[in-house]
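Engineer: I am attaching a structure below and will ask some questions about it afterwards.
The values are calculated or read from the model by the stated rules, or taken from the named source; none is laboratory data. This structure is a prediction, so every number in the text was calculated from the model and none was measured. No Cβ is skipped: glycine too gets one built from the backbone with ideal geometry, and neighbour counts run over all protein chains shown.
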Amino acid sequence: MIIQAKPIPFKVFKIIINFLTWIFRTRFNKIFIKKIAIYKNHSYLLMCNHFSFWDGFWACYLCINGIHESEKIEGFYIMILEKQLKKNMFLRYFGCFSVAPGKASVNESLNYAAKVLNTPGNVLLMYPQGNLESQYVRNIVVKEGIFEIINRIKGNCQLIWSSNFLEFFESFKPSIYFYMKDCGNVSQFNMAKFDADINAYHQLSMKKQFRFTNEIIPTK
């Protein structure tokens with residue numbers, strides 16, 4: 001049995017995130033979003049690189065300011081490891097549900113994720129890497145669970161990738177940058193193409209963060 005989400009109404013969720021954003025804006029220099037066109041009458045599978053404790057908060061912010069501004073969101077969900085959810089059961093009220101790789105319940109988690117995405121207006125957040133890695137890792141290794149979920153989706157679902165970076169530059173306060181990418185509808189999904197596209201886009205987005213420097217990678 002998986003631990004299912006018991007999300008609070010999205011209106012309440014939005015108020016909480018906006019309040020936290022107001023608090024954190026005193027600690028951050030700026031928040032930049034490279035926005036994309038959001039499809040109408042779709043659900044949204046939001047995927048990001050996974051590099052910090054704050055990733056969940058950033059994704060909530062991106063959900064409201066990068067998606068909800070264009071198309072109304074009805075629900076926000078996050079798939080997280082069962083052991084993490086058991087330690088923080090309150091996260092169920094923020095849309096979290098469990099997955100336990102290697103256990104029999106994993107198919108139940110995948111079916112639950114697909115059920116969420118079969119409903120227009122829902123957003124599901126996932127981190128394809130499955131692990132915390134440096135924000136500057138050059139190769140995003142996409143776990144096969146993404147394909148398993150997408151293969152189960154029956155409705156219209158837009159695939160969205162975002163490469164996120166945290167920088168200080170000249171400020172005492174960090175700035176967060178979101179580079180969103182439209183990866184098409186699930187009906188157009190191809191695992192190899194998706195993997196290649198998000199990696200090329202992630203590397204291009206990372207290059208923009210270097211500002212004035214053309215990075216030269218030393219050869220062996």
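Engineer: Considering only residues that are closer than 19 Å to Gly155 by Cβ, without any contact (Cβ under 8 Å) to a residue 60 or more places away in the chain and either acidic (Asp, Glu) or in contact with a Leu (Cβ under 7 Å, 6 or more places away or on another chain) (or both), which ones fall in region 35-78?
Structural biologist: Answer for region 35-78, where residues must be closer than 19 Å to Gly155 by Cβ, without any contact (Cβ under 8 Å) to a residue 60 or more places away in the chain and either acidic (Asp, Glu) or in contact with a Leu (Cβ under 7 Å, 6 or more places away or on another chain) (or both): just Glu71.
Engineer: Quick check on region 22-30. Is at least one of its residues crowded, with 19+ Cβ neighbours inside 10 Å and outside any helix (DSSP H, G or I)?
Structural biologist: No, every residue in region 22-30 fails to be crowded, with 19+ Cβ neighbours inside 10 Å and outside any helix (DSSP H, G or I).
Engineer: Would you please list the contacts, defined by Cβ atoms under 8 Å and residues six or more apart or on different chains, that run from a residue in region 190-210 that is at positive phi to a residue that is surrounded by 12 or more Cβ atoms within 10 Å (Cβ to Cβ)?
Structural biologist: none
Engineer: Read through the list (1) modelled with pLDDT under 90; (2) more than 19 Å from Asn122 (Cβ to Cβ), then give the number of the only condition that Ile17 fails.
Structural biologist: (2)
Engineer: Of everything in region 137-164 that's of a type in the set (S, T, N, Q) and modelled with pLDDT of 90 or more, which residue is nearest to the chain's Cα centre (by Cα)? Write out each step before concluding.
Structural biologist: First, the residues of region 137-164 that are of a type in the set (S, T, N, Q): 139, 151, 156, 158, 162-164.
When the remaining residues are screened for being modelled with pLDDT of 90 or more, the result is 151, 156, 158, 162-164.
Working: Asn151: 19, Asn156: 18, Gln158: 13, Ser162: 7, Ser163: 9, Asn164: 9 Å.
By that ranking, first place goes to Ser162.
Engineer: Here is a follow-up. Of the residues in region 84-106, how many are assigned to a loop (DSSP other than H, G, I, E, B), free of Cβ contacts under 8 Å to residues at least 12 places away in the same chain and farther than 17 Å from Gly145 by Cβ?
Structural biologist: Looking only at that region, the number is 1.
Engineer: I'm checking my understanding of the structure. Among residues of region 165-186 that are of a type in the set (Gly, Ala, Ser) and at pLDDT below 90, which one is surrounded by the most Cβ atoms within 10 Å (Cβ to Cβ)? Even if it seems obvious, please write down each step before you answer.
Structural biologist: Kept after step one, since they are of a type in the set (Gly, Ala, Ser), are these residues of region 165-186: 171, 175, 184.
When the remaining residues are screened for being at pLDDT below 90, the result is 171, 175.
On the way: Ser171: 11, Ser175: 15.
Among residues in region 165-186 that are of a type in the set (Gly, Ala, Ser) and at pLDDT below 90, the one surrounded by the most Cβ atoms within 10 Å (Cβ to Cβ) is Ser175.
Engineer: Looking at Ser105, Ser134, which one is over 26 Å from His202 (Cβ atoms) and at pLDDT below 90?
Structural biologist: Answer to the selection: Ser105.
Engineer: Residues to consider are Ile2, Ile16; find the one that is touching a helix residue (DSSP H, G or I) at 6+ places or on another chain (Cβ under 9 Å), within 20 Å of Glu69 (Cα to Cα) and not small (Gly, Ala, Ser).
Structural biologist: Values: Ile2 fails: within 20 Å of Glu69 (Cα to Cα).
Testing whether each residue is touching a helix residue (DSSP H, G or I) at 6+ places or on another chain (Cβ under 9 Å), within 20 Å of Glu69 (Cα to Cα) and not small (Gly, Ala, Ser) leaves just Ile16.
Engineer: Could you list, in sequence order, the residues of region 107-132 that are surrounded by 17 or more Cβ atoms within 10 Å (Cβ to Cβ) and part of a helix (DSSP H, G or I)?
Structural biologist: Result: Glu108, Ser109, Leu110, Tyr112, Ala113, Ala114, Val116, Leu117.
Engineer: Return yes or no: is Lys87 among the basic types (Lys, Arg), loosely packed, with under 15 Cβ neighbours inside 10 Å and out of contact with any helix residue (DSSP H, G or I) (no Cβ under 9 Å at 6 or more places or on another chain)?
Structural biologist: Details: among the basic types (Lys, Arg): yes; loosely packed, with under 15 Cβ neighbours inside 10 Å: yes; out of contact with any helix residue (DSSP H, G or I) (no Cβ under 9 Å at 6 or more places or on another chain): yes.
Yes: the conditions hold for Lys87.
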